[in-house]
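Have a look at the structure below before the remarks.
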Amino acid sequence: MNFYVISLFPEMIEQACSCGVLGRAIKHGLIRVHCINPRDFAQDRHRTVDDRPYGGGPGMLMKWQPLAAAIDAAKQQASAMAKVIYMSPQGKLLNQQSVRQVADAAPDLILIAGRYEGIDERLVEQLIDEEWSIGDYVLSGGELAAMVVIDAVARLCPGVLGDEQSAQQDSFMQGLLDCPHYTRPEEIHGYTVPAVLLSGDHKAIAQWRLQQALGRTWLRRPELIEALKKATGTAAPESTAHNVGWDDNKEKLLTEFIQANKNGSR
Ligand code: 4HQ
């Protein structure tokens, strides 16, 4: 899968792509990330990439010509089915489900990382397929948002994660928050590790982890539990068909958790 990032700060993308899981995936040729800088397409002496908004007011916009030329260049290089995505707070909120959808379809992605106050609306209408947001807050540029998309999608691409850290075990792949984790030492300032994790009983451990995940999701993100109950019986994508939705075991584990927490926190 190819990612093309349109950005005035390609160093941000290149740096972030050189580390960890992503760096390894690129080194092994499992994904490719290409940066295209609108400044390289500017035509004046000063290589101008910003312009003033009609109607006045503070702030600048991305200059139309260099940005449009950069998007055209990306479209030339990418596959004909490539999707052009503009990162902006006005876009559709990204979640693990939409990340999974693009990772499964695996089209080339052309990600527009804007700067300043944004881009001309006619560009959105004429050149952009979808507008995506990574959350309800304002960034100073779209680069970090584009990186969030690349990171989240890439780790679902075949071969990027080893069996050890398989994405299937990720909390959100089951529509739940993660369970608590513990490592050495067995006691920290008087606080011990839950006994079941030391028991060696793998079935009991899996049930405890699922119960913790359900309980924490119920406490912190009750709307995710409701979504999971609704998802039961609906056709899920092949890769996620198991474990998603609601069943008697989950109902029993959550009821047990709620009982045990009656006099505790909520
Ligand atoms: N910006 N999710 C403004 C974001 C953003 C977000 C990117 C700031 C675009 C022009 N992008 N620029 N939130 O805040 O994606």
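The values are calculated or read from the model by the stated rules, or taken from the named source; none is laboratory data. As the structure is a prediction and not an experimental result, all values here were calculated from the model. So basically every Cβ, Gly included, is an ideal-geometry build from the backbone, and we count neighbours across all protein chains shown. With ligands, DNA and RNA removed, areas are computed over all heavy atoms of the protein, side chains included. Shrake-Rupley method; radii C 1.70, N 1.55, O 1.52, S 1.80 Å.
Quick notes on this structure:
- Test: residue in the stretch 207-220 that is hydrophobic (A, V, I, L, M, F, W, C) and at pLDDT below 95: no
- Looking only at residues of the stretch 12-38 that are open to solvent by less than 90 Å² (accessible area, probe 1.4 Å), out of contact with any strand residue (DSSP E or B) (no Cβ under 7 Å at 6 or more places or on another chain) and free of Cβ contacts under 8 Å to residues at least 40 places away in the same chain, we find that the one that is nearest to the ligand (Cβ to nearest atom) is N37.
- Residues considered: L94, L127, L123, L67. Of these, the only one that is open to solvent by 10 Å² or more (accessible area, probe 1.4 Å), of a type outside the set (V, I, T) and within 24 Å of D44 (Cβ to Cβ) is L127.
- Any hit, the stretch 109-122, residues being more than 20 Å from D51 (Cα to Cα) and away from the ligand (no atom under 12 Å from the Cβ): yes
- Members of the stretch 221-263 that are open to solvent by 70 Å² or more (accessible area, probe 1.4 Å), part of a loop (DSSP other than H, G, I, E, B) and at pLDDT below 95: G233, T234, A235, H242, N243, K262, N263
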